Ligand code: NAP
């Protein structure tokens, strides 16, 4: 691996935590494929920003819940960059309702994007990583996957699922040069948490031992650490980053 410029695909890389991850990996000299779903303009703007840092970058559209779109994105990565060394499964959504009010579609949409999306992308990534005997997979879960939360049974199930899934994957590829780990953020300042009503936001902030939400850049540093070549002996682990809100 040494000496060769590596390539990463970051799903949901256009904004929020994903954008910070793209910026950090580019700053570390890694070529970046930015996965996104709807907002082409924002993703293309980030491509220009990353290229100005001296790495190759491309914005690739596709919904992670759709296997055919995922396959197209991975084909494009191969075509443009020739290789895939790092996969960050960061794309994710919330659709909150208490269970009594949660219809099947709301349940399914979150599971399909957060859990099936991770499955689709990991499976495709292995096609590139196993033959080359090298890969770093980082799956973004959530503190909610560990604690549960009122109104988030779908989200909690998807994020807890990501943890069990990643541990199984880590075992399956442990002798193949591929590592798989989980990053489980607490409450981070992004568009996702902007949806939280002000009075609840304040209550959450008070409950965090550090008395503040985290920044996307703080999560990005942890992801970049796990993506490093030197992190070869770390696999199947779950890393919390939550200002002390949950300790395992
Ligand atoms: P965000 O600001 O809402 O950004 C979500 C990203 O995911 C966007 O780039 C979006 O692209 C993409 N995306 C959404 N649906 C997609 C789909 N079907 N296919 C492909 N891409 C899709 O979210 P965030 O707060 O940065 O969260 C990023 C990850 O961290 C998520 O997995 C989330 O569950 C997790 N997390 C967040 C927090 C937090 O406090 N923010 C805490 C714990 C865990 P488009 O804009 O193009 O649709």
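Details
- Taken together, the residues in region 180-222 that are part of a loop (DSSP other than H, G, I, E, B), modelled with pLDDT of 95 or more and under 21 Å from the mean Cα position of the chain (by Cα) amount to 6.
- When 89, 66, 139 are checked against the criterion of being surrounded by fewer than 19 Cβ atoms within 10 Å (Cβ to Cβ) and on the phi < 0 side of the Ramachandran plot, 66 stands alone in meeting it.
- Checklist (1) outside any loop (DSSP other than H, G, I, E, B); (2) within 23 Å of residue 128 (Cα to Cα); (3) touching a strand residue (DSSP E or B) at 6+ places or on another chain (Cβ under 6 Å) applied to residue 50, failing item: (2)
- Among the conditions (1) within 16 Å of the ligand (Cβ to nearest atom); (2) more than 17 Å from the chain's Cα centre (by Cα); (3) surrounded by 14 or more Cβ atoms within 10 Å (Cβ to Cβ), the only one that residue 51 does not satisfy is (1).
- Residues of region 55-68 include none that is out of contact with any helix residue (DSSP H, G or I) (no Cβ under 6 Å at 6 or more places or on another chain), assigned to a helix (DSSP H, G or I) and within 24 Å of residue 141 (Cβ to Cβ).
- Single match in 167, 195, 211 (criterion: on the phi > 0 side of the Ramachandran plot and out of contact with any helix residue (DSSP H, G or I) (no Cβ under 6 Å at 6 or more places or on another chain)): 211
- Some residue of region 31-44 being in contact (Cβ under 8 Å) with a residue 60 or more places away in the chain, in a helix (DSSP H, G or I), under 20 Å from residue 91 (Cα atoms) and within 9 Å of the ligand (Cβ to nearest atom): no
- For region 3-26, the candidate set comprises residues that are more than 27 Å from residue 194 (Cα to Cα) and either in contact with a helix residue (DSSP H, G or I) (Cβ under 7 Å, 6 or more places away or on another chain) or outside any loop (DSSP other than H, G, I, E, B) (or both); within that set, the residue that is farthest from the ligand (Cβ to nearest atom) is 7.
- Of the residues 239, 246, the single one that is touching a helix residue (DSSP H, G or I) at 6+ places or on another chain (Cβ under 8 Å), over 28 Å from residue 27 (Cβ atoms) and within 15 Å of the ligand (Cβ to nearest atom) is 246.
- Restricting attention to region 155-196, the residues that are touching a residue at least 40 places away in the same chain (Cβ under 8 Å) and more than 9 Å from the ligand (Cβ to nearest atom) add up to 18.
- Residue match in region 73-87 (condition: within 30 Å of residue 150 (Cβ to Cβ), modelled with pLDDT of 95 or more and within 16 Å of the ligand (Cβ to nearest atom)): no
The values are calculated or read from the model by the stated rules, or taken from the named source; none is laboratory data. Bear in mind that the values here come from a model prediction, so they are computed numbers and not experimental data. Glycine also receives a Cβ, built like all others from the backbone with ideal geometry; neighbour counts cover every protein chain displayed.
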